[in-house]
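Notes follow once the structure below has been shown.
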Amino acid sequence: MKTNDNQRILALDVLRGITIAGMILVNNPGSWSAIYAPLDHASWIGLTPTDLVFPFFMFIMGISTYISLRKYNFEFSKSAVRKIVKRTVVIYAIGLGIAWLSLSFRNFNSLASENMAFGERFLRSVSDFAHLRLLGVLPRLALCYGATAIIAIVIKHKYIPVLAFTTLFAYFLILIFGKGFEHSEQNIISVIDRSILGVDHMYKDAGLNFDPEGLLSTIPAICHVLIGFWCGELMMGVKENSKRIQRLFLVGTILTFSGLLLSYGCPISKKIWSPTFALVTCGFASSFLALLIWIIDVKGYKTWSRFFESFGVNPLFIYTTGAVLSILTGSFLCIYGADGELIGLKTYLYKYLLQPFLGDYAGSLAFALLFVGVNWAIGYILYKKKIYIKI
């Protein structure tokens, strides 16, 4: 089946939407103490379905970067650099804003027991920049997008896979000689983050000063997006979907098996974004995209995909909306419980409505699904009105 080269590939939007819906689902359980195993991240070494969501989105971001830069002919120019820098700064700033909002509400609630006026309590809560986390999901997306886009307009594309795989190998050597596979603060990733960012600006993982979206581990994440960019070139280099599917399946199979075989010497770990994690997840994403193109764009089975398409056409906006709603329902919108305790709306819904009828785990999952549904409703309204918010 032939397609116009400029025609939007629906499978891309659907896969993007699946990842956004998945990210919202796994980030918003009713209770963090009641999560089904497939919906939880691997504690350190290993891979769960949840660990696939974020890297899938980054892989698709690589493909989208290739598509968006075609109008600049991949040439270094003021307009291209301006767009790249602007988008990088905007995405990073949104991520920083979400982190600040979350920290402000946590501070505001923690100061409730202290005897102070509302104004003073509010000012102290919103002005605590000394403990603001500087990295995270959106900041990582921003840095990876910016680096990938700049690389794409300054070097020849035939060198991009060489650059990505060589850098992954160099990162593996750093991990080997820097205790990178050790879950401790002696890990080179933690050492670098503490020395540059400081412990007050880092995420605490299992009580350790270790940020799973740290500076050093952003390097293999950039390689991850570069692999997505390379696959985007392979996919868009032909106009027939049958050839696109063949290329994606071939690359996906090679990357997946390479990563699985190499994992005996280089364990798969999302938290350090190990080279094998990048290879395996890119491989899965490439193969899954090929499957979706066959199902949706070739066979025309589209009805089931409309739900995810609503997420996929406004991905970063919906993710941002979900993050803000999560903060509001968890810390800001509060209700008095049966025992007179002031609790967040999220806790109230889970504790008094869902958990009593469904139990701990099913109730927690039900809240997550309900939360996904709320965000889908927002995305669906935009989708029906053909409103596309670019971030």
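Only the coordinates and a few stated rules stand behind these numbers; no lab work does. In this text the structure is predicted, and so the values were computed from the model without any measurement. Cβ sites come from the backbone with ideal geometry, for glycine too, and all protein chains shown count toward neighbours.
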So T48 and T166, fully extended at 0.36 nm per residue minus their Cα-Cα distance, gain in nm 39.8 nm
Per-residue Cβ contact counts at 10 Å, fewest first, order W32, W294, W230 as W32, W294, W230
By the mean-Cβ-within-10 Å protection proxy, highest first, 267-274, 372-379 rank as 267-274, 372-379
Quick note on L260, L141, ordering by fewest other C-beta atoms within 10 Å, gives L260, L141
Quick calc, the stretch 55-300, dipole around Cα centre from Cβ unit charges on Lys, Arg (+) and Asp, Glu (-), nearest 20 debye, gives 960
Ranking G180, G207, Y72 by how far each Cα lies towards the positive end of the charge dipole of the chain (+1 on Lys and Arg Cβ, -1 on Asp and Glu Cβ), the top one is Y72
Within the stretch 150-228, DSSP-loop GluC sites (Glu not before Pro) with at most 16 other C-beta atoms within 10 Å are E182, E185
Relative to the chain, whose Cα atoms define the longest principal axis, helix 53-69 and its Cα axis are tilted in degrees, nearest 10, by 50
From the Cα centre of the stretch 343-391 to that of the stretch 242-294, the distance in Å is 31
If the label point sits 7 Å along Cα→Cβ of D128, residues of the stretch 58-100 with amide N under 12 Å come out as 100
Final fewest-first order of R133, R194 on the 10 Å Cβ neighbour count is R194, R133
Packing-ranked peptide list from 357-368, 58-69, highest mean Cβ count within 10 angstrom first, is 58-69, 357-368
When the charge dipole of the chain is computed with +1 on Lys and Arg Cβ and -1 on Asp and Glu Cβ about the Cα centre, the Cα farthest towards its positive end, among V26, L261, L141, belongs to L141
Binned at 10 Å from zero, the C-alpha pair distances of the stretch 242-287 give percents of 34, 46, 16, 3
One quarter of the C-alpha convex hull surface, i.e. the mean projected area of the stretch 280-391 in nm², amounts to 9.8
The correct pair for the chain, radius of gyration to one decimal and Dmax as a whole number, both in Å and from Cα atoms, is 21.6, 70
Rounded to a whole number, the Stokes-Einstein D of the stretch 1-144 in µm²/s (Kirkwood radius over Cα pairs; 20 °C; 1.002 mPa s) is 114
Going through K71/K384; K299/K390; K71/K156; K239/K299; K302/K384 one by one, the pairs whose alpha carbons sit over 19 Å apart turn out to be K71/K384; K299/K390
With 0.36 nm assigned to each residue of separation and the Cα-Cα distance removed, I254 to N27 gains 78.6 nm
Cα convex hull volume per residue for the stretch 45-112, in Å³, equals 134
